[in-house]
């Protein structure tokens, strides 16, 4: 068998093999086997050098023609297979317009955001406006202007995160409560009456438990004007609880101590989780404290720009997460900052 006969046979084999190729991966293998650098065509063409000089031109032309025919067949097969794959993809991705539509997956408001908006609405109906105050505070605003001078024992009530500051600069800290916002609201309105709520994050170096977090929200509220009494405070808080939990909610006031109010009380709601029977969230007391309150101390009024001889006022501060726990029956405050989708999807 001559070299040209071998070439004709190889060409027939290559064309027959190409007809059986069904995908682009198999086509790549075919190209490597027949037209690659180490393929059958290249190996056979090495025999051209052994032919007599007179036969080489005709044999070389035949080899070129055969290679051109195979390359043209390769291009046609590649175009055919690409069209077939494209058509298959179109069919696989085809939309059945007769199927019912799918509801889009949308984000949700965090339960803390939801309860904050509920609090804003309930207190807004009573004339309270929302104010903002900074999370990074000075020692002066966080403690001193609230009737807690340096070394005052009441400071031990708050485990504080202090920030590094340059020598001679004011002491900075992450606010331990939203109460410093009282001073901002007072100084912006004095000597006129004011009703304001100041929501925001607070930070305390506390052990994390089912009832306490190191980072949490608070909503501070103040009302200042002539002849404001403790009865006004009680009426406001009871009305607020009824707006959140219904007219049948049971509440109670307990004497307490805060350096910036006098007298001071804590406001409790009957524990909805155990209906007053006692559980780990309410420390088996049947009641859960949701806020502290009292009549604003004269020193604080004076620091805010008011004359305590002419006006009086009350203040209260609540934890929205604690309010939400009662409202939705949540038994652990740590869920709010867990990021667990199973928890968040319920809201």
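The values are calculated or read from the model by the stated rules, or taken from the named source; none is laboratory data. As the structure is a prediction and not an experimental result, all values here were calculated from the model. All Cβ positions, glycine included, derive from the backbone under ideal geometry; neighbour counts span all protein chains shown.
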ask   = Regarding residue 311, is this residue surrounded by 20 or more Cβ atoms within 10 Å (Cβ to Cβ), in contact (Cβ under 8 Å) with a residue 40 or more places away in the chain and either touching a helix residue (DSSP H, G or I) at 6+ places or on another chain (Cβ under 9 Å) or within 19 Å of residue 196 (Cα to Cα) (or both)?
value = no
ask   = Does residue 196 satisfy the condition of being in contact with a helix residue (DSSP H, G or I) (Cβ under 9 Å, 6 or more places away or on another chain), modelled with pLDDT of 90 or more and either more than 22 Å from residue 316 (Cβ to Cβ) or outside any loop (DSSP other than H, G, I, E, B) (or both)?
value = yes
query = Restricting to region 152-177, what's the tally of residues that are over 18 Å from residue 207 (Cβ atoms) and in a strand (DSSP E or B)?
reply = 3
note = Note on region 259-287: residues in contact with a helix residue (DSSP H, G or I) (Cβ under 6 Å, 6 or more places away or on another chain) and farther than 29 Å from residue 190 by Cβ are 269, 272
inquiry  = Condition first: closer than 30 Å to residue 300 by Cα and out of contact with any helix residue (DSSP H, G or I) (no Cβ under 7 Å at 6 or more places or on another chain). Now tell me which residues in region 239-250 satisfy that.
reply    = 239, 241, 242
ask   = Does residue 56 count as more than 16 Å from residue 27 (Cβ to Cβ) and either without any contact (Cβ under 8 Å) to a residue 12 or more places away in the chain or loosely packed, with under 10 Cβ neighbours inside 10 Å (or both)?
value = yes
ask   = Restricting the search to region 130-161, which residues are closer than 18 Å to residue 219 by Cα and in contact with a helix residue (DSSP H, G or I) (Cβ under 9 Å, 6 or more places away or on another chain)?
value = 130, 131, 132, 133, 134, 137, 141, 142, 143, 146, 158
task = Can you tell me which residue within region 200-250, out of those that are surrounded by fewer than 21 Cβ atoms within 10 Å (Cβ to Cβ) and assigned to a strand (DSSP E or B), is modelled with the lowest pLDDT?
result = 215
query = From the list 109, 116, which residue is under 30 Å from residue 321 (Cα atoms), touching a residue at least 40 places away in the same chain (Cβ under 8 Å), within 52 Å of the chain's Cα centre (by Cα) and outside any helix (DSSP H, G or I)?
reply = 109
task = Kindly establish whether residue 223 is farther than 20 Å from residue 258 by Cβ and assigned by TED's automatic domain parsing to the domain that holds residue 298.
result = no
Checking residue 134 against (1) in a helix (DSSP H, G or I); (2) surrounded by 12 or more Cβ atoms within 10 Å (Cβ to Cβ), the condition it does not meet = (1)
ask   = residue 123 fails exactly one of the following numbered conditions: (1) assigned to a loop (DSSP other than H, G, I, E, B); (2) over 23 Å from residue 305 (Cα atoms); (3) in contact (Cβ under 8 Å) with a residue 40 or more places away in the chain. What is the number of that condition?
value = (1)
ask   = Counting just the residues of region 251-262 that are loosely packed, with under 15 Cβ neighbours inside 10 Å and closer than 22 Å to residue 301 by Cα, which one comes out modelled with the lowest pLDDT?
value = 257
message = part of a helix (DSSP H, G or I), surrounded by 10 or more Cβ atoms within 10 Å (Cβ to Cβ) and out of contact with any helix residue (DSSP H, G or I) (no Cβ under 9 Å at 6 or more places or on another chain): which single residue out of 8, 64 fits that description?
response = 64
ask   = Mind checking which residues of region 162-189 are in contact (Cβ under 8 Å) with a residue 40 or more places away in the chain and touching a helix residue (DSSP H, G or I) at 6+ places or on another chain (Cβ under 6 Å)?
value = 175, 179, 180, 183
